[in-house]
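Bear in mind that the values in this text are calculations on the coordinates, not laboratory data. Computed from a predicted structure; not experimentally measured. So basically every Cβ, Gly included, is an ideal-geometry build from the backbone, and we count neighbours across all protein chains shown.
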Amino acid sequence: MKCCHFNNILTESHRYFIDSPEDDNCVLCLINRKGPMTQEEVGEYMGLSKMRISQLQKSAQKRFLLKLIAVNNLG
Ligand SMILES: [Zn+2]
């Protein structure tokens, strides 16, 4: 399978790079292949605890919500 997102040109400095040759080093290919993942699965994949993944998820959701509010002038 070839990465259809970045034409296999991802380098380690790219934000979508993951060290996973079976996914062409592309996190989007991993998502396409595996589908939704639990916090525990993401933690195992990234070498982080389920608790740390939960913290990162909450932080990302908060930033997303704040951006959504700002973009839509709801604040
Ligand atoms: Zn890809």
Any hit, the stretch 24-44, residues being exposed (fewer than 10 other Cβ atoms within 10 Å of the Cβ) and not in a loop (DSSP other than H, G, I, E, B): no
Pick from the stretch 6-22, criterion surrounded by 15 or more Cβ atoms within 10 Å (Cβ to Cβ) and farther than 24 Å from R52 by Cα, ranking: farthest from the ligand (Cβ to nearest atom): L10
The one condition in (1) surrounded by 11 or more Cβ atoms within 10 Å (Cβ to Cβ); (2) in a loop (DSSP other than H, G, I, E, B) that S54 fails to fulfil: (2)
Residues (loosely packed, with under 10 Cβ neighbours inside 10 Å and either assigned to a helix (DSSP H, G or I) or in contact with a strand residue (DSSP E or B) (Cβ under 9 Å, 6 or more places away or on another chain) (or both)) located in the stretch 64-75: V71
